[in-house]
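What follows is one structure encoded as structure tokens, with my remarks underneath.
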Amino acid sequence: MPDVTFFAIRPAAAIANLAPENIMVHLDQPRPSLDHILNRRHKMLIGGAWVDARDGGLIDVEDPATGEIIAHAAAGESADIDAAVKAARRAFEGPWSRLAPMQRTALMLKLADILEAHSEEFAHIETFDVGQPLAISRPSTLGAPNTLRYFAGWASKLTGETMTPLVPGNWHAYTLREPVGVVGLIVPWNAPYTSTLNKLGALLAAGCTVVIKPAEQTPLATVRMGEFIQQAGFPDGVVNIVTGYGHTAGDALVRHPDVDKISFTGSTETGKLVLKTAAETMKRVTLELGGKSPIVILPDADLDKAIEAAALGIYRNSGQICVAGSRLFAHRDVFDRVVDGVAAYADRMKVGPGLEPGVEIGPLVSRVQMDRVVRLIGEGRSDGARVVTGGDRIGDKGYFVRPTVLVDTTPQMSVRREEIFGPVLCAASFADNDLEAIARDANDTSFGLAATIWTRDISAAHKLAKMIKAGSIKINSREFPEQSMPFGGLKQSGIGRERGREGVEEYTELKSVIVGL
């Protein structure tokens with residue numbers, strides 16, 4: 001894997017000190033002490049107090065690299081959710097609503113500085129909890145506080161408009177943007193730290209309060225974040241954290257009548273249940289759901305870059321990324337070279353526990369996820385797909401699956417239809433440069449989250465970008481997690497947008513006011 005350089009957005013006083021040696025993510029940093037995280041029984045943050053679940057229930061937290069229990073989290077249920085929602089409502093109608101936008105900005109910037117100072121700790125927490133190699137978790141956790149800094153600027157910039165009414169008379173007409181109220185966040189297990197900050201920054205800037213329900217598989221980073229939220233000085237109840245299972249705590253959060261909005265990231269199947277349940281109380285919803293994202297490589301592409309991008313696009317974080325490029329479409333003139341190149345890249349990648357030096361692919365998050373990935377690979381084989389490399393589990397300890405390339409796949413196969421959420425690339429070729437036909441192949445899915453196009457023909461690139469039905473299109477780029485750009489899906493990949501101005505406005509209501517003068 002190439003060296004990773006991350007350019008962090010830092011406070012103004014530190015900008016002058018930015019030099020390459022200061023912004024390189026070094027992979028040989030000393031391991032921080034996690035005695036306060038590992039082998040501990042963690043509580044929930046409700047109304048400024050750390051409390052156990054009311055019925056005393058606990059969740060076992062696993063290290064996916066070993067399958068061993070490394071901590072316990074409270075198993076909150078409906079009573080705990082109710083207490084957290086009431087605390088969030090008190091804070092929303094009380095101290096939080098009385099703060100000026102710039103005061104919210106100051107708190108968010110302070111929290112960003114605190115989190116950045118502890119980025120190495122969070123990197124190790126993510127590696128233990130999720131299984132991410134440090135080569136992934138380190139740059140991610142170092143850069144994540146910039147999300148708060150970006151959104152902090154929006155707190156004072158959310159405005160309405162003045163209108164000129166069509167009817168005769170003397171009028172003053174305008175719109176207001178107001179915070180939606182109490183928000184329920186349901187955070188995924190594949191990137192809990194960065195996903196939480198993406199959502200949290202936007203809703204805090206909008207003036208909302210929140211109850212966060214992290215995934216039961218990966219609660220540790222969110223719980224630790226709660227301690228720093230208190231340290232930053234946020235009023236009690238602005239941010240509440242209830243750990244628990246989706247079918248209990250998550251369901252109670254979506255059903256609660258005093259929650260105004262739900263923001264959910266996870267599978268499309270669960271997202272449909274969230275949408276159906278939220279409709280009972282007409283909650284606002286943002287759903288960031290599954291993907292089966294295409295990578296299109298035209299014959300004139302820079303193949304060296306495209307091959308590396310295709311490999312990292314599916315194998316990063318063991319393929320457990322919603323935008324993972326899991327369907328590869330390459331022109332037949334370059335198909336063999338592309339497939340051989342990706343397979344060779346996969347074979348070179350070091351698979352193992354994320355704390356080991358040089359590891360590029362860690363375990364899947366759980367035995368359930370590993371079994372699902374292995375099952376789908378087996379279905380692909382049975383349906384006629386050919387395994388070029390990988391295709392099996394590694395060892396009998398931890399949840400490791402070898403990075404896999406499948407060819408001879410067809411649109412009817414489950415490996416082409418379903419989101420595998422593992423290190424599995426399904427490759428197919430196309431015969432000519434008919435852009436409409438290429439787009440039909442790319443669009444032959446129920447998902448529409450992201451797509452990538454590789455070509456030197458900029459006209460073809462822009463034409464394809466218009467034809468492919470996806471919420472995010474990358475052209476000649478492996479990764480571009482730009483906070484100022486809205487992100488979200490079409491079709492069954494979701495509803496609403498995160499990031500950018502649009503991401504903040506998702507947490508507001510628009511009110512019209514007209515005055516007869």
Report task. Check off (1) touching a Leu at 6+ places or on another chain (Cβ under 9 Å); (2) over 26 Å from Gly143 (Cα atoms); (3) open to solvent by 60 Å² or more (accessible area, probe 1.4 Å) for Asp444 and give me the number that stays unchecked. Result -> (1)
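Being open to solvent by 20 Å² or more (accessible area, probe 1.4 Å), among the charged types (D, E, K, R) and assigned to a loop (DSSP other than H, G, I, E, B) narrows it down to one residue among Asp82, Asp55, Asp60; which is it? Please lay out each step first, then the result.
Details: Asp82 fails: assigned to a loop (DSSP other than H, G, I, E, B); Asp60 fails: assigned to a loop (DSSP other than H, G, I, E, B).
After applying the criteria, what remains is Asp55.
How about region 481-504: which of its residues are in contact with a strand residue (DSSP E or B) (Cβ under 7 Å, 6 or more places away or on another chain) and closer than 22 Å to Leu176 by Cβ? Show your work before the answer.
Step one: of region 481-504, the residues in contact with a strand residue (DSSP E or B) (Cβ under 7 Å, 6 or more places away or on another chain) are 487-499.
Listed by number, the residues that qualify are Gly496, Arg497.
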Report task. Being open to solvent by 10 Å² or more (accessible area, probe 1.4 Å) and more than 16 Å from Arg255 (Cα to Cα) is the filter here, so list the residues in region 180-196 that pass it. Result -> Val180, Pro188, Trp189, Asn190, Ala191, Thr194, Ser195
Query - Given (1) open to solvent by less than 30 Å² (accessible area, probe 1.4 Å); (2) in contact with a Pro (Cβ under 7 Å, 6 or more places away or on another chain), number of the condition Gly494 does not satisfy - result: (2)
Query raised in the report: Only one residue in Ser414, Ser382 is without any contact (Cβ under 8 Å) to a residue 24 or more places away in the chain and either surrounded by fewer than 19 Cβ atoms within 10 Å (Cβ to Cβ) or of a type in the set (A, V, I, L, M) (or both). Which one?
Result: Ser382
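Which one is farthest from Ser446 (Cα to Cα) among residues in region 248-284 that are assigned to a strand (DSSP E or B), open to solvent by 10 Å² or more (accessible area, probe 1.4 Å) and in contact with a helix residue (DSSP H, G or I) (Cβ under 6 Å, 6 or more places away or on another chain)?
Here the residue is Phe264.
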Requested in this report: Please find, among Arg381, Arg393, the residue that is more than 14 Å from Val342 (Cβ to Cβ) and under 28 Å from the mean Cα position of the chain (by Cα).
Outcome: Arg393
Requested in this report: For Ser459, work out the one condition from (1) crowded, with 22+ Cβ neighbours inside 10 Å; (2) free of Cβ contacts under 8 Å to residues at least 40 places away in the same chain it doesn't fulfil.
Outcome: (1)
Report summary line: When region 315-330 is checked residue by residue, the ones that are under 14 Å from Val296 (Cβ atoms) and either open to solvent by 10 Å² or more (accessible area, probe 1.4 Å) or out of contact with any Phe, Trp or Tyr (no Cβ under 7 Å at 6 or more places or on another chain) (or both) are Gly325, Ser326, Arg327, Leu328, Ala330
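Considering only residues that are crowded, with 24+ Cβ neighbours inside 10 Å and not in a helix (DSSP H, G or I), look in region 293-314 and name the one that is farthest from the chain's Cα centre (by Cα). Step through it out loud before you land on a result.
Our first condition is that a residue be crowded, with 24+ Cβ neighbours inside 10 Å; within region 293-314, this holds for 293-297, 306-307, 310-311, 313-314.
Right, trim to not in a helix (DSSP H, G or I) and you get 293-297.
Working: Ser293: 15, Pro294: 18, Ile295: 20, Val296: 23, Ile297: 26 Å.
For region 293-314, the residue satisfying everything is Ile297.
The values are calculated or read from the model by the stated rules, or taken from the named source; none is laboratory data. Every value quoted in this text rests on a predicted model; they were computed, and no experiment measured them. Every residue, glycine as well, gets a Cβ built from its backbone with ideal geometry; the counts of neighbours run over all protein chains shown. Surface areas here come from the heavy atoms of the whole protein model, side chains and all, with no ligands, DNA or RNA. Shrake-Rupley method; radii C 1.70, N 1.55, O 1.52, S 1.80 Å.
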